[in-house]
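The values are calculated or read from the model by the stated rules, or taken from the named source; none is laboratory data. Keep in mind that what you see is a predicted model, and the values were worked out from it rather than measured. Virtual Cβ from ideal backbone geometry, glycine too; neighbours counted across all protein chains shown.
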Amino acid sequence: MLRLNGITKVFGGLTALEDVSFAVAEGSITGVIGPNGAGKTTLFNIVTGLYTQTTGEVYLGGKNISFLNTEELAGLGLVRTFQNVELFRKMTVLENVMVGLHTKSRSGIFSCAFKLPGQIKEEKFIREKSLEWLKFAGLADMADITAGNLPFGKGRLLEISRALAAGPKIILMDEPAAGLNSRETAELALLIRRIQASGVTVVLVEHDMDLVMDVCHAIVVLNLGKKLAEGTPRQIQENPAVISAYLGSD
Amino acid sequence: MDKFSQLFQYILSGLSNGAIYALIGFGFAVIYNATGIINFAQGEFVMLGGMLTIFFLNVLKLPLVPAIILSVIISTIAGVLFERLAIRPLKDANPLSLIIITIGASIFIRGAAMLIWGKDTHALPAFSGDNPLYIAGATILPQHLWIFGVTILIIIASRIFFNYSVAGKAMRACSYNPRAAGLVGINVKNMVMLSFALSSAIGSLAGIIIAPLTMVSYDVGVMLGLKGFCAVIIGGMSSGMGTVMGGLLLGLLESLGAGFISASYKDAIAFIILLLILFIRPEGLFGKKETERF
Amino acid sequence: MLTEKRRQILIFFVFAVIALGAPFFLKGNYLLNVFVFVGINTMLAVGLNLLLGYAGQISLGHAAFFGMGAYISGIVTTRFGVDPFLVMILSAFCAGTLAFAIGFPILKLKGHYLAMATLGFGIIMYIIFNETVDWTGGPSGLSGIPNLRIGSLVFDNDLNNYYLVWVFTLVVMLLSINLSRSRIGRALRAINDSEVAARVMGVNARILKVHIITVSAVISAVAGSLYAHIMTFIAPASFGFNFSVELLTMVVIGGLGSIYGSFLGAAILTMLPEFLRMFQNFDIIIYGLMLILMTMFMPGGLVSGIEAIAGFVAAKMKGTKDSDAQA
C-alpha cells in the first residue's frame, strides 16, 4: 500500500533521515516507533508532502507520490492526523467533519454562490455523511459545539473522524495516544481496529508501547534517522538492537 | 559633461534618500530581529521626528539642537508607549489581530498628528544653511552632508552597540533564541522595549535630517515607512550592512528611474521593486536563505 | 419549527424587505442619498470580508479594485460611448483578471508581508490613477460620466439610484451568504483556522485564495462602476490608502466573517460623517481607535456583541417562562 524507498532528509547541516526504506502492507496496522528525535514526524511530513525529501521516493499503491503537493494526497486516499491535533477550532464539530468530505464533493464558487440544484443535493449528502461519521465516532450529540471547546480526548476523536470522512485507503496517525488517559487509549485501540476492519490501512507513530504492541501487525523502528529494525511486535520485542537502543533505556 | 553632472546629481540625491531609507529599514530590522514583529507604525515615528522638531522650532521657538534632541526623546517615548500599550498585551494574540492592531495604532498616530498639526506641509530649515557646494558640476547641499554624516555615525554606533556592548549582545541573543536568552538571565521584555526605543529614536532622527530637503506633513510616514520596509526587505532583514545596501540601492534605482524614465512615477518605482522582491526573492538580495525548520 | 437554514432565509428576507421598502419612509429625505452610499460601501465591505474574514488574508489596497472599476467604466463610457452596463462587465473582467494574476504571487505572502505588499499595490494603482492624466484626468478627476439607464429609465436621482445600488448589494449579500454556508465557505474558514489541516484534507489553499480575491475584486469593481455612474465624476482621492483603511475598519467593526456585519460597519462609517460635522478632522484617529479597540475587546465585531446580547436576553426570557410555569 505504502512504500518508502531510500528516504533521506537533510536540514542544513543536520541529517534527519538517512536512507529509510520500508513497505506497509495493505489492510495492516503498522507502527513506527523510535526514541525522540528519531525522525518519525519528519518521515510523516515527507510522506504527506509537507516536507520534500532530499533523496528517495514514496509510492502509494504503486503510484509515485514523491513530489505531489499535500492537497493532492487526500483525493488519492492518503490522510493524516497531527501530534497536536490540528482542528478547525473556530468551526463546529460537524463542520470539521464536513471539511473532511471536501474531496468527496465538487461544488465550486459559482454553484455554491448561486445554490445550483447539484450543489443543494451535494450539501445534503455532505451533511448526512458527516452526521454518520459523528455517530461512528460517538460524537453525534456534540455536533454543534465549537471544536475549540472540546475536551482533548474528544478533539482527537474528531480529528480522526474528519480524516476518515475523506474515505481514505490509508490513514497516518501521529501519536494519537498522546495526552489520552488509559481508558481513552483503550477506546483508541478499539477504534483503530474498527478502522482497519473497515478496510483502511493504518500507520501510527507512537510512544505508547502497550498500544503499539497491542494493535500493530508490523512495526518499524527508527533510531537517529535510520531504520533500525522491522518486523512483528514479537520480533521487535526480542530484537537486541532495538532493546538496547530504545526499550531497554525506557 | 552636462549628462555626466546630471547623472551625478541623480546619484547624489538617490544616495541621500537611500541613506534615509536605510535608517528607516534599520528600525524595522531591529524590532523584527528582537520580536519577530513588523512594526507597521515605523513610518509614523519618522514623521513624528520631523513634525515635532518643526513644532519646537516654530511654536516654542527653541534653538535647533534642543528641538532635535527633544523631538527624538519624545518620539522614543512614543515608541516605548506603543510597545507597552499596543504590542505587549497582544504578544500571544493570533497574527491577524496583531497586524490589524499595529495598523490601527499607526493610523491612530497619523490621525493624532493630523489633529494637532493639520494637513499642511511644513518645512524645516537646513541645519547649516543652503549654500551649495559645487563638486564635479553637481550641487551638493550641506544637508546632504548632514544626512551622510549622521547615517554613517548611526551605523558605526550600532555596530559598536551590537558587537561590543552588553545590551547590544543581549539583544542579538534575544533575536537568535529568546527562550535561551531568558534562561541565561537576559530580561527579554526589556530587550523588546529597548528595540522599540532604538527603532523610534533612529526613525525620528531619519525624519529630522531629511525634513529640510523634503517637506513634512502628517502623512509622510506611510510612504517613507513603506520605502524603508522595501530597503530592509532587499537587505534581508539584516540589522547591518545588508539593509544599508538595500536602502542605497533603492534610493539609487528610484532616483535614476525618476530622472531617466519618468519623474511622476517616482514613488511607484519603490513599490514595484518591493513587490518584485517579495514575489521573487523574499529573503532579500543580501540576506541568507533560511533553511526549513522542524 | 425553525431550523437554522429557515432562520437564515427569514433573516435575509426581512432584511431585503426593509432595504427595499425603506425609500417609502424616506421619501425626499437626504438620508436616501446617504443610503445609496451605504449600499456601495456594503458591497465593498462584503467583498473585502470574503478575503479577510473568511480566507484570513489581509488587504490594504482594496480601494484599487474599486478605483479600477470606476475608472474603466468612466473612461470607456465617456470616450467611446459604449453602453454602461456592458462596460461594467468589462471593468469587472479587468479587475478580476488583475486580481487573479497578482493573486498568485501576492497570496504566497503571509501576515505583515502580505499587508505591506497589498499596501504597495494599492499605492501603485493610486499613482497610476493620478498620473495617467490623458486617460483619467489626473488629480482633478474625470467628469461627464453618463448615468446608467435601462430603456427610458435613467438612474440620475436618489430614488432610482437607491434601488439600482441596493438590488446589486442584496444580490452580492445573498450570494456571499450562500457561499459562506457552503463547501467553499467552509474550506475558506478551514484555511483561516489551520491551513495545514485544510491542505491535508485536500483543500487547495493556494488556488482557493486566488479565486476568492478574484471574486472580491469583481465585486469591488462593480461597486466602482456603479459609483462612477451615480457620481458622474470621480477623482483619485477616493481610491487611495485612506479609503482602503476605511474599508478595513468597516469589516473589522462589523465583524470578520459576518456578511451582515459588513453592512453594519459600512452603515456606521458611511453615516458617521453625516452626523458628526466635526468628524472630518477626527476620522483617521477614530478609525485607528476603532480598529484597536474592536480587535482587542470585541474580535467578533459588533455582530458578535449583538448576538451575545440577544442570547443573554433569550436566556433571561426562558428563565422567566420556566419560573412562570413552575408558579
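Okay, here's what the table says:
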read-out	value
Residue list for region A:88-121, filter: of a type in the set (A, V, I, L, M, F, W, C), closer than 22 Å to residue A:162 by Cα and assigned to a helix (DSSP H, G or I)	A:93, A:94, A:97, A:98, A:99, A:101, A:112, A:120
Residue in region C:127-138 that is of a type outside the set (D, E, K, R) and touching a strand residue (DSSP E or B) at 6+ places or on another chain (Cβ under 8 Å) present	yes
Residue check, residue C:234 closer than 24 Å to residue C:92 by Cα and either at pLDDT 90 or above or polar (S, T, N, Q) (or both)	yes
Helices (runs of 4 or more DSSP H) within region A:135-236 that include 3 or more residues without any contact (Cβ under 8 Å) to a residue 60 or more places away in the chain and either of a type in the set (D, E, K, R) or out of contact with any helix residue (DSSP H, G or I) (no Cβ under 8 Å at 6 or more places or on another chain) (or both)	A:182-197
Helices (runs of 4 or more DSSP H) completely within region B:184-294 that count 1 or more residues being within 14 Å of chain C (Cβ to nearest Cβ)	B:220-234, B:241-260, B:266-280
Residue in region C:231-263 that is nearest to the other protein chains (Cβ to nearest Cβ), counting only those that are within 28 Å of residue C:153 (Cβ to Cβ) and buried (at least 24 other Cβ atoms within 10 Å of the Cβ)	C:263
Qualifying residue in region A:41-63 (condition: small (Gly, Ala, Ser), under 16 Å from the mean Cα position of the chain (by Cα) and in a helix (DSSP H, G or I))	no
Scan of region C:145-191 for residues that are more than 8 Å from chain A (Cβ to nearest Cβ), under 23 Å from residue C:5 (Cβ atoms) and part of a helix (DSSP H, G or I), ordered by number	C:169, C:170, C:171, C:172, C:173, C:174, C:177, C:180, C:188
Residue within region C:62-77 that is aliphatic (A, V, I, L, M), part of a helix (DSSP H, G or I), closer than 30 Å to residue C:207 by Cα and within 14 Å of chain B (Cβ to nearest Cβ) present	yes
Hits in region B:69-90 - residues which are over 19 Å from the mean Cα position of the chain (by Cα) and among the small types (Gly, Ala, Ser)	B:86
Every residue from region A:75-105 that is within 8 Å of another protein chain (Cβ to nearest Cβ), of a type in the set (A, V, I, L, M, F, W, C) and in contact with an Asp or Glu (Cβ under 8 Å, 6 or more places away or on another chain)	A:82, A:87, A:88, A:91
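Matching residues to (1) in contact with a Phe, Trp or Tyr (Cβ under 7 Å, 6 or more places away or on another chain); (2) in contact (Cβ under 8 Å) with a residue 24 or more places away in the chain; (3) under 21 Å from residue C:14 (Cα atoms):
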residue	(1), (2), (3)
C:139	no, yes, no
C:152	no, no, no
C:161	yes, yes, no
C:170	no, yes, yes
C:174	yes, yes, yes
C:188	yes, yes, no
C:201	no, no, no
